[in-house]
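Here the structure comes first, spelled out in C-alpha coordinates, and everything after it is commentary.
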Amino acid sequence: MAMVDEPLYPIAVLIDELKNDDIQLRLNSIRRLSTIARALGEERTRKELIPFLSENNDDDDEVLLAMAEELGVFIPYVGGVEHAHVLLPPLETLCTVEETCVRDKAVESLCRIGSQMRESDLVDWFVPLVKRLAAGEWFTARVSACGLFHIAYSSAPEMLKAELRSIYSQLCQDDMPMVRRSAASNLGKFAATVESAYLKSDIMSIFDDLTQDDQDSVRLLAVEGCAALGKLLEPQDCVAHILPVIVNFSQDKSWRVRYMVANQLYELCEAVGPEPTRTDLVPAYVRLLRDNEAEVRIAAAGKVTKFCRILSPELAIQHILPCVKELSSDSSQHVRSALASVIMGMAPVLGKDATIEHLLPIFLSLLKDEFPDVRLNIISKLDQVNQVIGIDLLSQSLLPAIVELAEDRHWRVRLAIIEYIPLLASQLGIGFFDDKLGALCMQWLQDKVYSIRDAAANNLKRLAEEFGPEWAMQHIIPQVLDMTTSPHYLYRMTILRAISLLAPVMGSEITCSKLLPVVVTATKDRVPNIKFNVAKVLQSLIPIVDHSVVEKTIRPSLVELAEDPDVDVRFYANQALQSIDNVMMSG
(Lines give C-alpha, C1' and ligand atoms only; values in the text may rest on other atoms or scores of the structure.)
Protein backbone atom coordinates (compact mmCIF):
# COMPACT_ATOMS: atom_id res chain seq x y z
CA MET A 1 0.00 0.00 0.00
CA ALA A 2 1.46 3.40 -1.00
CA MET A 3 2.41 5.75 1.82
CA VAL A 4 0.21 8.49 0.32
CA ASP A 5 -2.98 6.52 1.03
CA GLU A 6 -1.99 5.57 4.56
CA PRO A 7 -4.27 8.07 6.47
CA LEU A 8 -7.31 6.97 4.48
CA TYR A 9 -6.65 3.32 5.02
CA PRO A 10 -7.88 2.84 8.61
CA ILE A 11 -11.28 4.48 8.09
CA ALA A 12 -11.78 2.60 4.81
CA VAL A 13 -10.96 -0.72 6.47
CA LEU A 14 -13.19 0.12 9.42
CA ILE A 15 -16.09 0.94 7.09
CA ASP A 16 -15.55 -2.32 5.21
CA GLU A 17 -15.30 -4.37 8.37
CA LEU A 18 -18.33 -2.73 9.99
CA LYS A 19 -20.37 -3.66 6.94
CA ASN A 20 -19.08 -7.23 6.88
CA ASP A 21 -21.58 -10.02 7.45
CA ASP A 22 -19.29 -11.70 9.97
CA ILE A 23 -20.18 -10.40 13.43
CA GLN A 24 -16.72 -11.27 14.76
CA LEU A 25 -15.07 -8.95 12.23
CA ARG A 26 -17.50 -6.14 13.11
CA LEU A 27 -16.79 -6.68 16.82
CA ASN A 28 -13.03 -6.66 16.30
CA SER A 29 -13.10 -3.39 14.40
CA ILE A 30 -15.18 -1.73 17.14
CA ARG A 31 -12.72 -2.99 19.76
CA ARG A 32 -9.92 -1.42 17.71
CA LEU A 33 -11.60 2.00 17.57
CA SER A 34 -9.01 3.64 19.80
CA THR A 35 -6.17 2.40 17.57
CA ILE A 36 -7.98 3.68 14.47
CA ALA A 37 -8.65 7.03 16.18
CA ARG A 38 -4.96 7.37 17.00
CA ALA A 39 -4.04 6.66 13.38
CA LEU A 40 -6.53 9.23 12.12
CA GLY A 41 -5.59 11.98 14.56
CA GLU A 42 -7.95 14.03 16.72
CA GLU A 43 -9.43 16.23 14.00
CA ARG A 44 -10.27 13.46 11.54
CA THR A 45 -11.65 11.37 14.42
CA ARG A 46 -14.06 14.21 15.20
CA LYS A 47 -14.98 14.95 11.58
CA GLU A 48 -15.07 11.46 10.07
CA LEU A 49 -15.00 8.63 12.58
CA ILE A 50 -17.59 9.86 15.12
CA PRO A 51 -20.18 10.94 12.45
CA PHE A 52 -19.69 7.57 10.78
CA LEU A 53 -20.36 5.81 14.09
CA SER A 54 -23.48 7.96 14.63
CA GLU A 55 -24.85 6.76 11.31
CA ASN A 56 -23.76 3.15 11.80
CA ASN A 57 -27.03 1.31 12.31
CA ASP A 58 -25.70 -2.12 13.17
CA ASP A 59 -28.49 -4.39 14.30
CA ASP A 60 -26.39 -6.67 16.48
CA ASP A 61 -26.54 -5.94 20.21
CA GLU A 62 -23.06 -7.27 20.87
CA VAL A 63 -21.50 -4.78 18.42
CA LEU A 64 -23.59 -1.91 19.85
CA LEU A 65 -22.60 -2.86 23.41
CA ALA A 66 -18.91 -2.82 22.47
CA MET A 67 -19.39 0.58 20.80
CA ALA A 68 -21.14 2.06 23.86
CA GLU A 69 -18.27 0.84 26.02
CA GLU A 70 -15.49 2.15 23.73
CA LEU A 71 -17.03 5.62 23.39
CA GLY A 72 -17.04 6.09 27.17
CA VAL A 73 -13.23 6.32 27.21
CA PHE A 74 -12.88 8.23 23.93
CA ILE A 75 -12.36 11.80 25.23
CA PRO A 76 -8.54 11.72 24.73
CA TYR A 77 -8.93 10.65 21.07
CA VAL A 78 -11.22 13.54 20.05
CA GLY A 79 -8.98 16.26 21.42
CA GLY A 80 -9.70 16.31 25.15
CA VAL A 81 -12.47 17.70 27.33
CA GLU A 82 -13.26 20.76 25.18
CA HIS A 83 -14.36 18.49 22.34
CA ALA A 84 -16.10 15.87 24.52
CA HIS A 85 -19.53 16.95 23.22
CA VAL A 86 -18.88 15.33 19.81
CA LEU A 87 -19.20 11.94 21.51
CA LEU A 88 -22.77 12.61 22.65
CA PRO A 89 -24.71 12.00 19.34
CA PRO A 90 -23.68 8.33 18.82
CA LEU A 91 -24.32 7.57 22.50
CA GLU A 92 -27.69 9.32 22.34
CA THR A 93 -28.68 6.96 19.54
CA LEU A 94 -27.53 3.97 21.60
CA CYS A 95 -29.69 5.18 24.53
CA THR A 96 -32.78 4.48 22.45
CA VAL A 97 -32.11 0.88 21.31
CA GLU A 98 -34.28 -1.93 22.53
CA GLU A 99 -31.62 -4.08 24.25
CA THR A 100 -31.35 -3.08 27.93
CA CYS A 101 -27.66 -3.85 28.44
CA VAL A 102 -26.71 -1.62 25.45
CA ARG A 103 -28.78 1.25 26.87
CA ASP A 104 -27.30 0.78 30.35
CA LYS A 105 -23.76 0.85 28.96
CA ALA A 106 -24.55 3.95 26.87
CA VAL A 107 -25.94 5.72 29.97
CA GLU A 108 -22.86 4.67 31.96
CA SER A 109 -20.56 6.07 29.22
CA LEU A 110 -22.58 9.31 29.00
CA CYS A 111 -22.29 9.74 32.78
CA ARG A 112 -18.53 9.16 32.54
CA ILE A 113 -18.17 11.75 29.74
CA GLY A 114 -20.61 14.21 31.38
CA SER A 115 -18.73 14.12 34.67
CA GLN A 116 -15.59 15.33 32.82
CA MET A 117 -17.26 18.00 30.62
CA ARG A 118 -16.94 21.70 31.33
CA GLU A 119 -19.98 23.36 32.91
CA SER A 120 -20.76 25.54 29.89
CA ASP A 121 -20.61 22.49 27.59
CA LEU A 122 -22.91 20.57 29.91
CA VAL A 123 -25.51 23.33 29.63
CA ASP A 124 -25.07 23.69 25.84
CA TRP A 125 -24.91 20.01 24.92
CA PHE A 126 -25.64 17.59 27.76
CA VAL A 127 -28.80 19.15 29.22
CA PRO A 128 -30.51 19.40 25.79
CA LEU A 129 -29.62 15.72 25.22
CA VAL A 130 -31.27 14.75 28.52
CA LYS A 131 -34.36 16.80 27.62
CA ARG A 132 -34.57 15.19 24.15
CA LEU A 133 -34.34 11.69 25.61
CA ALA A 134 -36.89 12.51 28.33
CA ALA A 135 -39.33 13.64 25.66
CA GLY A 136 -38.54 10.68 23.41
CA GLU A 137 -41.38 8.94 21.66
CA TRP A 138 -40.07 5.51 22.54
CA PHE A 139 -40.04 4.48 26.20
CA THR A 140 -36.42 3.30 25.77
CA ALA A 141 -35.21 6.91 25.44
CA ARG A 142 -37.19 7.99 28.50
CA VAL A 143 -35.82 5.05 30.54
CA SER A 144 -32.26 6.10 29.65
CA ALA A 145 -32.94 9.77 30.44
CA CYS A 146 -33.65 8.94 34.12
CA GLY A 147 -30.05 7.83 34.62
CA LEU A 148 -28.56 11.11 33.34
CA PHE A 149 -30.32 13.77 35.44
CA HIS A 150 -27.83 13.66 38.31
CA ILE A 151 -25.00 14.62 35.90
CA ALA A 152 -26.98 17.35 34.12
CA TYR A 153 -28.55 18.97 37.19
CA SER A 154 -25.70 20.38 39.24
CA SER A 155 -24.22 22.67 36.55
CA ALA A 156 -27.56 23.91 35.14
CA PRO A 157 -28.66 27.51 35.86
CA GLU A 158 -31.64 28.07 38.19
CA MET A 159 -34.31 28.17 35.45
CA LEU A 160 -33.06 24.98 33.88
CA LYS A 161 -32.89 23.26 37.26
CA ALA A 162 -36.57 23.92 37.88
CA GLU A 163 -37.34 22.55 34.42
CA LEU A 164 -35.26 19.40 35.04
CA ARG A 165 -37.06 18.78 38.34
CA SER A 166 -40.44 19.05 36.68
CA ILE A 167 -39.36 16.77 33.79
CA TYR A 168 -38.20 14.16 36.31
CA SER A 169 -41.49 14.44 38.12
CA GLN A 170 -43.32 13.78 34.80
CA LEU A 171 -41.13 10.73 34.17
CA CYS A 172 -42.20 9.38 37.55
CA GLN A 173 -45.80 9.52 36.32
CA ASP A 174 -45.05 8.12 32.86
CA ASP A 175 -47.57 5.72 31.31
CA MET A 176 -44.93 3.01 30.92
CA PRO A 177 -44.02 1.09 34.11
CA MET A 178 -40.46 0.62 32.76
CA VAL A 179 -39.92 4.39 32.77
CA ARG A 180 -41.36 4.75 36.28
CA ARG A 181 -39.10 1.90 37.41
CA SER A 182 -36.04 3.64 36.01
CA ALA A 183 -37.11 6.93 37.63
CA ALA A 184 -37.58 5.16 40.98
CA SER A 185 -34.20 3.44 40.90
CA ASN A 186 -32.34 6.64 39.94
CA LEU A 187 -34.19 8.89 42.40
CA GLY A 188 -31.55 8.53 45.12
CA LYS A 189 -28.74 9.67 42.77
CA PHE A 190 -30.78 12.61 41.50
CA ALA A 191 -31.90 13.62 45.00
CA ALA A 192 -28.26 13.73 46.14
CA THR A 193 -27.60 16.58 43.65
CA VAL A 194 -30.77 18.57 44.43
CA GLU A 195 -30.56 21.50 46.90
CA SER A 196 -32.03 20.76 50.31
CA ALA A 197 -34.71 23.43 49.85
CA TYR A 198 -36.23 21.44 47.00
CA LEU A 199 -35.61 18.07 48.60
CA LYS A 200 -38.60 18.35 50.88
CA SER A 201 -40.94 19.94 48.36
CA ASP A 202 -40.21 18.56 44.90
CA ILE A 203 -38.33 15.33 45.56
CA MET A 204 -40.57 14.14 48.39
CA SER A 205 -43.71 14.67 46.31
CA ILE A 206 -42.10 12.66 43.48
CA PHE A 207 -41.20 9.99 46.03
CA ASP A 208 -44.76 9.90 47.41
CA ASP A 209 -46.11 9.27 43.90
CA LEU A 210 -43.74 6.38 43.40
CA THR A 211 -44.60 4.79 46.74
CA GLN A 212 -48.26 4.68 45.72
CA ASP A 213 -47.62 3.27 42.26
CA ASP A 214 -49.94 0.46 41.21
CA GLN A 215 -47.01 -1.65 39.91
CA ASP A 216 -45.20 -3.60 42.63
CA SER A 217 -41.95 -3.46 40.61
CA VAL A 218 -41.99 0.35 40.94
CA ARG A 219 -42.87 0.34 44.65
CA LEU A 220 -40.10 -2.20 45.20
CA LEU A 221 -37.51 0.24 43.80
CA ALA A 222 -39.01 3.03 45.88
CA VAL A 223 -38.10 0.99 48.98
CA GLU A 224 -34.45 1.18 47.92
CA GLY A 225 -34.96 4.92 47.55
CA CYS A 226 -36.13 5.11 51.17
CA ALA A 227 -32.68 4.39 52.57
CA ALA A 228 -30.93 6.72 50.10
CA LEU A 229 -33.36 9.60 50.77
CA GLY A 230 -33.30 8.95 54.51
CA LYS A 231 -29.56 9.64 54.56
CA LEU A 232 -30.09 12.99 52.78
CA LEU A 233 -32.90 14.28 55.00
CA GLU A 234 -32.67 15.68 58.51
CA PRO A 235 -33.70 13.06 61.15
CA GLN A 236 -36.99 14.78 61.97
CA ASP A 237 -37.96 15.04 58.27
CA CYS A 238 -36.95 11.43 57.84
CA VAL A 239 -39.34 10.42 60.62
CA ALA A 240 -42.11 12.55 59.16
CA HIS A 241 -41.76 11.50 55.51
CA ILE A 242 -39.91 8.20 55.26
CA LEU A 243 -41.05 6.33 58.36
CA PRO A 244 -44.77 6.13 57.49
CA VAL A 245 -43.83 4.89 54.03
CA ILE A 246 -41.66 2.09 55.43
CA VAL A 247 -44.39 1.03 57.84
CA ASN A 248 -46.90 0.92 54.97
CA PHE A 249 -44.50 -0.96 52.75
CA SER A 250 -43.98 -3.59 55.44
CA GLN A 251 -47.70 -4.37 55.01
CA ASP A 252 -47.72 -4.05 51.22
CA LYS A 253 -49.93 -6.49 49.35
CA SER A 254 -47.00 -7.60 47.16
CA TRP A 255 -44.55 -9.98 48.85
CA ARG A 256 -41.72 -8.63 46.65
CA VAL A 257 -42.09 -5.20 48.22
CA ARG A 258 -42.21 -6.69 51.73
CA TYR A 259 -39.11 -8.74 50.85
CA MET A 260 -37.33 -5.55 49.84
CA VAL A 261 -38.31 -3.88 53.13
CA ALA A 262 -36.99 -6.88 55.09
CA ASN A 263 -33.70 -6.62 53.21
CA GLN A 264 -33.36 -2.86 53.67
CA LEU A 265 -34.79 -2.47 57.16
CA TYR A 266 -31.47 -2.30 58.96
CA GLU A 267 -30.29 0.60 56.74
CA LEU A 268 -33.67 2.30 57.26
CA CYS A 269 -33.28 2.04 61.04
CA GLU A 270 -29.97 3.83 60.76
CA ALA A 271 -31.67 6.59 58.79
CA VAL A 272 -34.54 7.24 61.24
CA GLY A 273 -32.61 6.90 64.51
CA PRO A 274 -33.12 4.80 67.68
CA GLU A 275 -36.41 6.16 69.07
CA PRO A 276 -38.63 5.71 65.98
CA THR A 277 -36.94 2.34 65.44
CA ARG A 278 -38.23 1.18 68.81
CA THR A 279 -41.74 2.53 68.45
CA ASP A 280 -42.49 1.98 64.75
CA LEU A 281 -39.96 -0.27 63.11
CA VAL A 282 -39.88 -3.07 65.71
CA PRO A 283 -43.58 -3.86 65.12
CA ALA A 284 -42.96 -3.67 61.36
CA TYR A 285 -40.02 -6.06 61.67
CA VAL A 286 -42.02 -8.49 63.81
CA ARG A 287 -44.69 -8.51 61.11
CA LEU A 288 -42.05 -9.37 58.49
CA LEU A 289 -40.64 -12.19 60.65
CA ARG A 290 -44.16 -13.63 60.75
CA ASP A 291 -44.93 -12.97 57.10
CA ASN A 292 -46.89 -15.62 55.26
CA GLU A 293 -44.34 -15.70 52.39
CA ALA A 294 -41.24 -17.81 53.07
CA GLU A 295 -39.01 -15.48 50.98
CA VAL A 296 -39.89 -12.52 53.20
CA ARG A 297 -39.24 -14.56 56.35
CA ILE A 298 -35.85 -15.65 54.93
CA ALA A 299 -34.81 -12.03 54.30
CA ALA A 300 -36.06 -10.94 57.72
CA ALA A 301 -34.48 -13.91 59.56
CA GLY A 302 -31.10 -13.16 57.98
CA LYS A 303 -31.13 -9.70 59.58
CA VAL A 304 -32.19 -10.76 63.07
CA THR A 305 -28.81 -10.32 64.77
CA LYS A 306 -28.11 -6.96 63.11
CA PHE A 307 -31.53 -5.76 64.19
CA CYS A 308 -31.10 -6.94 67.77
CA ARG A 309 -27.84 -4.97 68.01
CA ILE A 310 -29.74 -1.71 67.55
CA LEU A 311 -32.21 -2.62 70.31
CA SER A 312 -31.71 -2.99 74.03
CA PRO A 313 -31.51 -6.64 75.22
CA GLU A 314 -34.90 -6.23 76.99
CA LEU A 315 -36.63 -5.16 73.78
CA ALA A 316 -34.95 -7.93 71.81
CA ILE A 317 -36.09 -10.53 74.36
CA GLN A 318 -39.59 -9.11 74.52
CA HIS A 319 -40.29 -8.66 70.80
CA ILE A 320 -37.80 -10.49 68.65
CA LEU A 321 -37.15 -13.70 70.62
CA PRO A 322 -40.71 -15.05 70.38
CA CYS A 323 -40.46 -14.70 66.58
CA VAL A 324 -37.06 -16.40 66.56
CA LYS A 325 -38.55 -19.35 68.45
CA GLU A 326 -41.30 -19.64 65.85
CA LEU A 327 -38.80 -19.38 62.99
CA SER A 328 -36.62 -22.15 64.42
CA SER A 329 -39.44 -24.57 63.69
CA ASP A 330 -40.57 -22.83 60.48
CA SER A 331 -42.04 -25.04 57.77
CA SER A 332 -39.47 -23.80 55.24
CA GLN A 333 -35.98 -25.25 55.60
CA HIS A 334 -34.54 -22.13 53.92
CA VAL A 335 -35.98 -19.92 56.64
CA ARG A 336 -34.45 -22.16 59.31
CA SER A 337 -31.16 -22.12 57.43
CA ALA A 338 -31.14 -18.29 57.20
CA LEU A 339 -31.90 -18.10 60.91
CA ALA A 340 -29.20 -20.65 61.80
CA SER A 341 -26.57 -18.64 59.92
CA VAL A 342 -27.09 -15.55 62.12
CA ILE A 343 -28.70 -16.70 65.37
CA MET A 344 -25.36 -17.38 67.10
CA GLY A 345 -24.59 -13.69 66.86
CA MET A 346 -27.55 -12.98 69.14
CA ALA A 347 -25.79 -14.56 72.14
CA PRO A 348 -23.37 -11.64 72.76
CA VAL A 349 -26.27 -9.19 72.31
CA LEU A 350 -28.62 -10.90 74.79
CA GLY A 351 -26.00 -11.78 77.40
CA LYS A 352 -25.35 -14.98 79.34
CA ASP A 353 -28.61 -15.57 81.22
CA ALA A 354 -30.92 -14.90 78.30
CA THR A 355 -28.73 -17.05 76.04
CA ILE A 356 -28.89 -19.99 78.44
CA GLU A 357 -32.60 -19.60 79.02
CA HIS A 358 -33.85 -18.75 75.55
CA LEU A 359 -31.25 -19.37 72.88
CA LEU A 360 -29.68 -22.68 73.91
CA PRO A 361 -32.91 -24.66 73.37
CA ILE A 362 -33.21 -23.04 69.91
CA PHE A 363 -29.58 -23.91 69.06
CA LEU A 364 -30.22 -27.51 70.07
CA SER A 365 -33.36 -27.82 68.00
CA LEU A 366 -31.53 -26.37 64.97
CA LEU A 367 -28.56 -28.69 65.55
CA LYS A 368 -30.97 -31.61 65.30
CA ASP A 369 -32.71 -30.19 62.24
CA GLU A 370 -33.37 -32.73 59.49
CA PHE A 371 -31.90 -30.41 56.85
CA PRO A 372 -28.05 -30.52 56.66
CA ASP A 373 -27.55 -26.82 55.80
CA VAL A 374 -29.33 -25.75 58.97
CA ARG A 375 -27.07 -27.95 61.11
CA LEU A 376 -24.01 -26.73 59.22
CA ASN A 377 -24.80 -23.07 59.82
CA ILE A 378 -25.06 -23.65 63.57
CA ILE A 379 -21.84 -25.67 63.83
CA SER A 380 -19.75 -23.08 62.04
CA LYS A 381 -20.64 -20.31 64.48
CA LEU A 382 -20.37 -22.12 67.84
CA ASP A 383 -17.42 -20.02 69.04
CA GLN A 384 -19.68 -16.93 69.35
CA VAL A 385 -21.78 -18.75 71.95
CA ASN A 386 -18.79 -20.14 73.79
CA GLN A 387 -17.58 -16.59 74.52
CA VAL A 388 -20.89 -15.85 76.21
CA ILE A 389 -21.86 -18.96 78.18
CA GLY A 390 -18.50 -20.62 78.82
CA ILE A 391 -17.21 -24.02 77.92
CA ASP A 392 -18.82 -26.14 80.65
CA LEU A 393 -22.35 -25.31 79.68
CA LEU A 394 -21.56 -25.51 76.01
CA SER A 395 -20.08 -28.96 76.38
CA GLN A 396 -22.95 -30.29 78.51
CA SER A 397 -25.69 -29.01 76.25
CA LEU A 398 -24.28 -28.98 72.75
CA LEU A 399 -21.60 -31.64 72.73
CA PRO A 400 -23.91 -34.65 72.58
CA ALA A 401 -25.49 -33.07 69.52
CA ILE A 402 -22.05 -32.51 67.96
CA VAL A 403 -21.06 -36.13 68.54
CA GLU A 404 -24.29 -37.16 66.86
CA LEU A 405 -23.50 -34.95 63.88
CA ALA A 406 -20.03 -36.46 63.59
CA GLU A 407 -21.78 -39.61 62.40
CA ASP A 408 -24.32 -37.74 60.25
CA ARG A 409 -25.33 -39.51 57.07
CA HIS A 410 -24.63 -36.37 54.99
CA TRP A 411 -20.88 -36.27 54.40
CA ARG A 412 -20.84 -32.45 54.12
CA VAL A 413 -22.11 -32.22 57.70
CA ARG A 414 -19.41 -34.65 58.85
CA LEU A 415 -16.88 -32.54 56.94
CA ALA A 416 -18.02 -29.34 58.64
CA ILE A 417 -17.69 -30.99 62.05
CA ILE A 418 -14.16 -32.18 61.24
CA GLU A 419 -13.10 -28.74 60.09
CA TYR A 420 -14.50 -27.34 63.29
CA ILE A 421 -12.73 -29.86 65.59
CA PRO A 422 -9.37 -28.02 65.94
CA LEU A 423 -11.21 -24.84 66.99
CA LEU A 424 -13.37 -26.83 69.37
CA ALA A 425 -10.28 -28.58 70.72
CA SER A 426 -8.52 -25.30 71.45
CA GLN A 427 -11.63 -24.07 73.28
CA LEU A 428 -12.34 -27.26 75.21
CA GLY A 429 -8.75 -28.02 76.23
CA ILE A 430 -6.84 -31.31 76.16
CA GLY A 431 -8.61 -33.18 78.98
CA PHE A 432 -12.07 -32.63 77.69
CA PHE A 433 -11.03 -33.36 74.13
CA ASP A 434 -9.50 -36.74 74.98
CA ASP A 435 -12.66 -37.93 76.72
CA LYS A 436 -15.20 -36.98 74.16
CA LEU A 437 -13.73 -36.35 70.73
CA GLY A 438 -10.48 -38.32 70.47
CA ALA A 439 -12.12 -41.56 69.30
CA LEU A 440 -14.14 -39.73 66.66
CA CYS A 441 -11.02 -38.29 65.04
CA MET A 442 -9.69 -41.79 64.45
CA GLN A 443 -13.03 -43.11 63.28
CA TRP A 444 -13.11 -40.53 60.45
CA LEU A 445 -9.88 -41.93 58.98
CA GLN A 446 -11.94 -44.92 57.90
CA ASP A 447 -14.89 -43.03 56.49
CA LYS A 448 -16.45 -44.17 53.23
CA VAL A 449 -16.04 -40.72 51.61
CA TYR A 450 -12.57 -39.66 50.43
CA SER A 451 -13.05 -35.96 51.35
CA ILE A 452 -13.77 -37.00 54.95
CA ARG A 453 -10.69 -39.23 55.15
CA ASP A 454 -8.53 -36.48 53.70
CA ALA A 455 -9.98 -33.88 56.08
CA ALA A 456 -9.48 -36.32 58.98
CA ALA A 457 -5.76 -36.61 58.14
CA ASN A 458 -5.49 -32.81 58.01
CA ASN A 459 -7.37 -32.60 61.27
CA LEU A 460 -4.80 -34.84 63.01
CA LYS A 461 -2.03 -32.56 61.84
CA ARG A 462 -3.84 -29.46 63.17
CA LEU A 463 -4.48 -31.19 66.50
CA ALA A 464 -0.80 -32.14 66.77
CA GLU A 465 0.07 -28.48 66.16
CA GLU A 466 -2.47 -27.36 68.76
CA PHE A 467 -1.56 -29.79 71.58
CA GLY A 468 2.10 -30.42 70.74
CA PRO A 469 4.19 -33.46 69.68
CA GLU A 470 4.22 -35.13 73.14
CA TRP A 471 0.44 -35.28 73.24
CA ALA A 472 0.33 -36.49 69.63
CA MET A 473 2.91 -39.18 70.46
CA GLN A 474 0.55 -40.56 73.10
CA HIS A 475 -2.84 -40.04 71.52
CA ILE A 476 -2.45 -39.96 67.75
CA ILE A 477 0.63 -41.82 66.53
CA PRO A 478 -0.11 -45.26 68.14
CA GLN A 479 -3.67 -45.35 66.75
CA VAL A 480 -2.51 -44.21 63.32
CA LEU A 481 0.23 -46.87 63.21
CA ASP A 482 -2.29 -49.55 64.23
CA MET A 483 -4.28 -48.83 61.10
CA THR A 484 -1.39 -49.41 58.71
CA THR A 485 -2.32 -53.07 58.41
CA SER A 486 -5.94 -52.32 57.46
CA PRO A 487 -7.19 -54.83 54.86
CA HIS A 488 -8.59 -52.04 52.69
CA TYR A 489 -5.97 -50.29 50.53
CA LEU A 490 -7.85 -46.94 50.55
CA TYR A 491 -7.55 -46.79 54.35
CA ARG A 492 -3.87 -47.67 54.13
CA MET A 493 -3.51 -44.80 51.67
CA THR A 494 -5.17 -42.39 54.15
CA ILE A 495 -2.65 -43.46 56.81
CA LEU A 496 0.21 -42.66 54.44
CA ARG A 497 -1.32 -39.23 53.87
CA ALA A 498 -1.65 -38.71 57.64
CA ILE A 499 2.01 -39.71 58.15
CA SER A 500 3.23 -37.25 55.50
CA LEU A 501 1.24 -34.45 57.22
CA LEU A 502 2.27 -35.39 60.77
CA ALA A 503 5.99 -35.85 60.09
CA PRO A 504 6.86 -32.11 59.82
CA VAL A 505 4.97 -31.43 63.09
CA MET A 506 6.51 -34.37 64.97
CA GLY A 507 10.10 -33.59 64.00
CA SER A 508 13.04 -35.68 62.83
CA GLU A 509 13.49 -38.01 65.80
CA ILE A 510 9.94 -39.40 66.01
CA THR A 511 9.71 -39.52 62.21
CA CYS A 512 12.82 -41.73 62.02
CA SER A 513 11.92 -43.98 64.95
CA LYS A 514 8.16 -44.38 64.48
CA LEU A 515 6.89 -43.17 61.10
CA LEU A 516 9.62 -44.03 58.62
CA PRO A 517 9.70 -47.81 59.36
CA VAL A 518 5.95 -48.00 58.60
CA VAL A 519 6.43 -46.23 55.27
CA VAL A 520 9.36 -48.49 54.34
CA THR A 521 7.30 -51.58 55.14
CA ALA A 522 4.58 -50.25 52.84
CA THR A 523 7.00 -50.41 49.89
CA LYS A 524 6.26 -54.16 49.90
CA ASP A 525 2.50 -53.55 49.57
CA ARG A 526 0.84 -55.51 46.78
CA VAL A 527 -1.24 -52.51 45.51
CA PRO A 528 0.58 -50.22 43.03
CA ASN A 529 -1.44 -47.16 44.20
CA ILE A 530 -0.01 -47.63 47.69
CA LYS A 531 3.50 -48.05 46.35
CA PHE A 532 3.58 -44.87 44.30
CA ASN A 533 2.10 -43.00 47.26
CA VAL A 534 4.90 -44.45 49.39
CA ALA A 535 7.36 -42.94 46.88
CA LYS A 536 5.65 -39.55 47.26
CA VAL A 537 5.69 -39.78 51.08
CA LEU A 538 9.37 -40.77 51.11
CA GLN A 539 10.09 -37.75 48.94
CA SER A 540 8.25 -35.49 51.42
CA LEU A 541 10.30 -36.96 54.31
CA ILE A 542 13.70 -36.16 52.70
CA PRO A 543 13.94 -32.58 54.09
CA ILE A 544 12.75 -33.69 57.57
CA VAL A 545 15.14 -36.53 58.40
CA ASP A 546 18.87 -36.59 58.72
CA HIS A 547 21.03 -37.02 55.62
CA SER A 548 22.43 -40.37 56.77
CA VAL A 549 18.88 -41.73 57.15
CA VAL A 550 18.11 -40.65 53.60
CA GLU A 551 21.10 -42.61 52.29
CA LYS A 552 20.67 -45.67 54.54
CA THR A 553 16.91 -46.12 54.52
CA ILE A 554 15.07 -43.94 52.01
CA ARG A 555 17.32 -44.29 48.95
CA PRO A 556 17.43 -48.16 49.01
CA SER A 557 13.63 -48.29 49.29
CA LEU A 558 13.24 -45.94 46.34
CA VAL A 559 15.79 -47.82 44.24
CA GLU A 560 13.73 -50.96 44.83
CA LEU A 561 10.51 -49.14 43.83
CA ALA A 562 12.22 -47.74 40.73
CA GLU A 563 12.39 -51.31 39.40
CA ASP A 564 8.69 -52.03 40.06
CA PRO A 565 6.65 -53.57 37.19
CA ASP A 566 4.12 -50.69 37.44
CA VAL A 567 4.93 -47.62 35.33
CA ASP A 568 3.49 -45.09 37.81
CA VAL A 569 5.42 -46.56 40.73
CA ARG A 570 8.64 -46.33 38.69
CA PHE A 571 7.85 -42.72 37.70
CA TYR A 572 7.28 -41.47 41.26
CA ALA A 573 10.23 -43.45 42.66
CA ASN A 574 12.55 -41.89 40.07
CA GLN A 575 11.11 -38.46 40.80
CA ALA A 576 11.90 -38.95 44.51
CA LEU A 577 15.42 -40.20 43.72
CA GLN A 578 15.92 -37.10 41.55
CA SER A 579 14.84 -35.02 44.52
CA ILE A 580 17.48 -36.69 46.75
CA ASP A 581 20.15 -35.92 44.14
CA ASN A 582 19.02 -32.29 43.99
CA VAL A 583 19.30 -32.00 47.79
CA MET A 584 22.80 -33.53 47.59
CA MET A 585 23.83 -31.09 44.88
CA SER A 586 22.51 -28.04 46.73
CA GLY A 587 23.84 -29.36 50.08
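The values are calculated or read from the model by the stated rules, or taken from the named source; none is laboratory data. As the structure is a computational prediction, the values presented were derived from the model and not from experiment. Every residue, glycine among them, receives a Cβ derived from its backbone with ideal geometry; neighbour counts consider all protein chains shown. Ligands, DNA and RNA are stripped out before the accessible areas are found, and what is left, the full protein with its side chains, is counted by its heavy atoms. Shrake-Rupley method; radii C 1.70, N 1.55, O 1.52, S 1.80 Å.
Ranked by the mean number of other Cβ atoms within 10 Å of their residues, highest first, the peptides 491-497, 476-482, 539-545 come out as 491-497, 539-545, 476-482. Protein-only accessible surface at a 1.4 angstrom probe places the residues 26, 118 in the order 118, 26, largest first.
Heavy-atom accessible area with a 1.4 Å probe sorts 38, 32, largest first, into 38, 32.
Relative contact order, whole percent, for the stretch 80-184 stands at 25, derived from Cα pairs under 8 Å and 6 or more residues apart.
Extension gain, residue 448-residue 521: 0.36 nm per intervening residue step, less the Cα-Cα distance, totals 23.8 nm.
Across the stretch 510-586, the mean sequence separation of Cα contacts (distance under 8 Å, 6 or more residues apart), normalised by length, yields a relative contact order of 32 percent. Taking all protein chains into account, the per residue accessible area for the stretch 510-586 stands at 51 Å² (1.4 Å probe). Give, to the nearest whole percent, the P(r) tail of the stretch 510-586 beyond 18 angstrom, counting all Cα pairs. Beyond 18 Å sits 30 percent of the P(r) for the stretch 510-586. With all protein chains in place and ligands, DNA and RNA left out, the 1.4 Å accessible area ranks 571, 467, 249 as 571, 467, 249, largest first. For the stretch 515-559, report the % of Cα-Cα distances exceeding 11 Å. Distances greater than 11 Å cover 62 percent of the Cα pairs.
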